[in-house]
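The values are calculated or read from the model by the stated rules, or taken from the named source; none is laboratory data. These numbers come from a predicted model, not from an experiment. Cβ sites come from the backbone with ideal geometry, for glycine too, and all protein chains shown count toward neighbours. The area values use the complete protein model at the heavy-atom level, side chains included, leaving out ligands, DNA and RNA. Shrake-Rupley method; radii C 1.70, N 1.55, O 1.52, S 1.80 Å.
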Amino acid sequence: MPYTDEQQQILAHPGGHARIIAVAGSGKTATLTGYLSRILAAGANPRRLLVLMYNKAAQQDFSRRLQQLSPNLALPEVRTFHSLGYRLYQRLVQEGDLTPFHRTLLTDAQVEPLVWRWLRELADEDLAEDILNRKKKWVEPAMTFIELVKSGLDDPAEVFEQSGLPAQCAIFVEVFERFEQWRKDQRKVTFSDLLYDPVCCFEANPAIAQRYAGHMAEILVDEYQDINPIQQRLLHHLHGGRGQLLVVGDPDQTIYEFRGSEPGLLTDHFSQTYTPVTDYQLSWTFRYGHCLSLMANQLMSRQAFVGAERTLCLSYPGTPDTQVEAIRTGDSAQTALVTIQGLSAEHRLSDIAVLNRLWANCARLELLLLAANLPYHLDHHQGVLERYELQPFWVLLDLAQGTFAQYDDEQRRRAWRTILTQPYLKIRKTVIDELVERLQSVAHDTARHLRNAIPESLSSYQADQLMTRARLLQEAEAGKGKASDLVSGWIRATDYYEAMKDNAFSVQQVDDQTGTVKAFATFVGQQGWTSAQAAQALRDLQQRRAHADQDAVYLTSIHKAKGRQWPVVIIPELNDRFFPYHPEGDLSRPTSEASERRLLYVAMTRAQQRLFLLTPDQSSEDPPSPFWNSLQWQGCQTLTEALKRGDSEVTLPDSMDTLMVQRYLTAIEKPLSVHWHATATEPGPTELAPQRVHHRSLGVGRVLEQDQQRLTIRFVSNGKTRQFDRETVWPLLTWL
């Protein structure tokens, strides 16, 4: 395909700093390789050119395509940031500026035991016991905190203040300091340290940094919107005020803020730091048609960045139509299954991707696909039936089937620990260990043995709870009744959902776990299995997971879908609970509606031929997403049909961004006369969502009703609706 006018301008870039804003599917790789091929053919020294890519897959693809385009030319280095960091680290060691390190990088498995030990040493007695019993709960956010600190140069205490973690996690700051001292003593580095250590060295020693500065005539950086402050500082030191930078990215696709990425690094920061800057655009997409481009523009029309008007997404002439279908449903998983089954007549399964906001969103669909014998690939290390929060149900169902008696010693130890700790009863680990030791040989009559083993030292509450679990074991071992009764019985008797909420730091972790358990309970209930049938039936389903080379539906998260595309994309749960999603208290920078809007934009623009948006109907527990009206689905459909027919005029709702529509029509050179009619709300599958608020202790919610005396709010975290005295609650609310 010949280059567009926009691409030709970039290929002919005369020199100096440049910034390219490239929309999804705009052929940026073809443009960048074409640009490099031109300047290399014109005599540019490849040894003074550096190309930086965001990840290994992108680096390999770019290198391959550059080689194909310039087979007879010497080519520049194409590296990821971390491979560049590794090379710099080696040089700094050779020159005596950094301490030699073991070349084998530290893994999480090696670091986690150290972090766990330091957490216990730094905590008070009660907290240390909690850390001892619930390693996963504490170690994972502590590890994430360490990574977050190393994404920039801020003091760890400042990072903690911004993290949103509870005060009891302040020990993470000292854990970080201990880890850094241990690394120094042991001469060890992690993947993040490949950038962190060299940049810290440069920051502390300007003379050393100067030795590495300005050696490149040009540095080209792809996916610039995804870099974090530590990568930006490394780039700044390497540039050193000499040579030119050419960066490409799209601020609308900044979705890795939890790793430290900031859209402002591409927008205002770049133009303020490197001057003068020539701005280019790649606004023509070759991936999808007018309807999706128009909807993407409408969604992002409120997104404002400093420095320039937002780059429109334009469908290139001849790009195939993309059908965008909105389906109202009260059961997103079932609707997704039916949609996939219907599509399988005209598409390969591998043409279809389901993009989820949270992994919990795909739990029930995964189970339904297994039951329907439809193969799928899951872009996650654990299938739904392997999830930690489902372990108690496997024990119960194996007891009912008689499989529990066939466990080996290690399996039985794990099973008893599961029964005693899921959910956690705040029983000391030493007591749990003694109980497991006493019960590990018990294969039959489990309830009686558990009752007899309960120590007198436990509180009455703890003893009562263990007695309740003994009763549930007895019911399971009887092997009678329905499997769904065993599952729901455990959930009710242990108050499982509330316990998961109490035992997690983040709302996202709670939502993932409770979503998985609810999906499992619903699925088991729909199958009608007896308690003695269920375990084997579930294991039979597990065997249906797709092989690596098998034609299969792709289940993944929106974050993991970045940089990819599929003929068909399904976005489930487009509702108020997940779009936007607010993981209050999560170990990340606080989410904003702007970042969540960008995430939906990325998800939608993965589609080529068909996009399915599954939105709530009147029977759904969750209200509509506030983003729905922004999409202007009906208006974009009407305009797309008018463009296809070649109409001279069209009537559209004035709820659309009218300036955006006019800019789009001007850009694609379609002299279409638009008549605007007044609308209260955008017609479509849902109505406008009510006002969002944040309550100081109850989190994000929606105001359903209000008058001069009362406010009625439905809260996202637990789905409960509460009524408040207006004057009393008003100071506790932030209006979003």
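The table that follows gives values for the structure above.
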item: Residue in region 196-209 that is open to solvent by less than 20 Å² (accessible area, probe 1.4 Å), over 29 Å from Thr104 (Cβ atoms) and either touching a Leu at 6+ places or on another chain (Cβ under 9 Å) or assigned to a helix (DSSP H, G or I) (or both) present; result: no
item: Given (1) among the small types (Gly, Ala, Ser); (2) surrounded by 21 or more Cβ atoms within 10 Å (Cβ to Cβ); (3) at pLDDT 90 or above, number of the condition Ala363 does not satisfy; result: (3)
item: Selection status of Ala499, in contact (Cβ under 8 Å) with a residue 40 or more places away in the chain, in a loop (DSSP other than H, G, I, E, B) and out of contact with any strand residue (DSSP E or B) (no Cβ under 9 Å at 6 or more places or on another chain); result: no
item: Of residues in region 161-187 being open to solvent by 50 Å² or more (accessible area, probe 1.4 Å) and among the charged types (D, E, K, R), the one farthest from Leu106 (Cα to Cα); result: Glu161
item: Helices (runs of 4 or more DSSP H) (entirely within region 347-427) containing at least 3 residues that are out of contact with any helix residue (DSSP H, G or I) (no Cβ under 8 Å at 6 or more places or on another chain); result: 409-421
item: Criterion violated by Arg47 - all others in (1) within 25 Å of Trp284 (Cα to Cα); (2) out of contact with any Leu (no Cβ under 6 Å at 6 or more places or on another chain); (3) surrounded by fewer than 21 Cβ atoms within 10 Å (Cβ to Cβ); (4) not aromatic (Phe, Trp, Tyr) satisfied; result: (1)
item: Qualifying residue in region 164-174 (condition: among the aromatic types (Phe, Trp, Tyr) and at pLDDT 95 or above); result: yes
item: Pick from region 324-349, criterion crowded, with 17+ Cβ neighbours inside 10 Å and among the polar types (S, T, N, Q), ranking: nearest to Thr267 (Cα to Cα); result: Ser332
item: Which numbered condition His215 fails, given (1) surrounded by fewer than 20 Cβ atoms within 10 Å (Cβ to Cβ); (2) assigned to a helix (DSSP H, G or I); (3) in contact with a helix residue (DSSP H, G or I) (Cβ under 8 Å, 6 or more places away or on another chain); result: (2)
item: Cβ pairs under 7 Å, 6+ apart, first in region 117-137 and in contact (Cβ under 8 Å) with a residue 12 or more places away in the chain, second open to solvent by 50 Å² or more (accessible area, probe 1.4 Å) and not in a helix (DSSP H, G or I); result: Glu129/Arg428
item: Identity of the residue in region 581-610, at pLDDT 95 or above and over 14 Å from the mean Cα position of the chain (by Cα), that ends up most open to solvent (accessible area, probe 1.4 Å); result: Gln609
item: Residue match in region 146-160 (condition: under 18 Å from Glu112 (Cβ atoms), assigned to a helix (DSSP H, G or I) and over 22 Å from the mean Cα position of the chain (by Cα)); result: no
item: Among the residues listed as Pro572, Pro567, the single one being within 28 Å of Arg348 (Cβ to Cβ), surrounded by fewer than 22 Cβ atoms within 10 Å (Cβ to Cβ) and at pLDDT 95 or above; result: Pro567
item: Filter pass, Lys56 being open to solvent by less than 60 Å² (accessible area, probe 1.4 Å) and of a type in the set (Lys, Arg); result: no
item: Failed item in (1) open to solvent by 50 Å² or more (accessible area, probe 1.4 Å); (2) in a helix (DSSP H, G or I), with Asp279 passing the rest; result: (2)
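Residue-by-condition table, conditions (1) under 30 Å from Thr254 (Cα atoms); (2) small (Gly, Ala, Ser); (3) within 25 Å of the chain's Cα centre (by Cα):
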{"site": "Gly528", "(1), (2), (3)": "no, yes, no"}
{"site": "Ser531", "(1), (2), (3)": "no, yes, no"}
{"site": "Ala534", "(1), (2), (3)": "no, yes, no"}
{"site": "Asp540", "(1), (2), (3)": "no, no, no"}
{"site": "Gln543", "(1), (2), (3)": "no, no, no"}
{"site": "Asp549", "(1), (2), (3)": "no, no, no"}
{"site": "Val553", "(1), (2), (3)": "yes, no, yes"}
{"site": "Ser557", "(1), (2), (3)": "yes, yes, yes"}
{"site": "Lys562", "(1), (2), (3)": "yes, no, yes"}
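Conditions tested, residue by residue: (1) aliphatic (A, V, I, L, M); (2) surrounded by fewer than 18 Cβ atoms within 10 Å (Cβ to Cβ); (3) not in a helix (DSSP H, G or I).
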position	(1), (2), (3)
Val431	yes, yes, no
Leu435	yes, no, no
Ser441	no, yes, yes
Arg451	no, yes, no
Ala463	yes, yes, no
Met467	yes, yes, no
Ala476	yes, no, no
Thr514	no, no, no
Lys518	no, yes, no
